[in-house]
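The values are calculated or read from the model by the stated rules, or taken from the named source; none is laboratory data. This structure is a prediction, so every number in the text was calculated from the model and none was measured. Surface accessibility is based on the protein's heavy atoms, side chains included, excluding ligands, DNA and RNA. Shrake-Rupley method; radii C 1.70, N 1.55, O 1.52, S 1.80 Å.
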Amino acid sequence: MICRRTIFLLILFAWAMPRFASASDLPVCSNRVINEVTARVGCTVGDARCWLTNGGFCTDYVENKARRGQGGKQAQLKPIEPGDVKKGDIAQFASRAHYSYVESVVKGKDGKPVAVNLSEYNYGTCLVDEQSMVTDKYKVINRRMAVPLSAVDGGFLRPR
């Protein structure tokens, strides 16, 4: 069980992190970071086909996670209320055109969900390839803790 002070600190930390209204607002990565990512993945800037077929976008990540619970079949998704969120659901961020997998739910004293712990691909701090919306976290699992339900501006989806 997480104590109230820890929840407060996690929410404060998440609030203090830099925010961007949309993915297109991200700055371009430094040449060093661009070179590291292109070398790691094997794609070059401007080669959209390579980025799209490498499986490193947020949608690739959540689709693979959702399929595990569906016996490998493509998961059908249905919208759910934030108060009903549970592990295995998908968080949508409309402002950033981004999807994350809900690893666990943080509950308040009353037992109701107040935040989610997420895992995702391609939720970076800068753009490697602007046209393809590839970030420095392409094909890298990123974890965000105690993301307030209100920050999930696109709602939640549940695989059926």
Net length gained if the chain between SER95 and ARG160 were fully extended (0.36 nm per residue, minus Cα distance): 20.9 nm
Partners for LYS112 among aspartates and glutamates (Cα-Cα distance below 14 Å; same-chain residues under 8 apart left out): GLU81, ASP84
28 Å Cα-Cα threshold exceeded, pairs from LYS78/LYS107; LYS109/LYS139; LYS86/LYS139: LYS109/LYS139
Computed over region 77-152: relative contact order in percent, which uses C-alpha pairs under 8 Å that are six or more apart: 25
Accessible area (Å², 1.4 Å probe, nearest 10) - THR44: 80
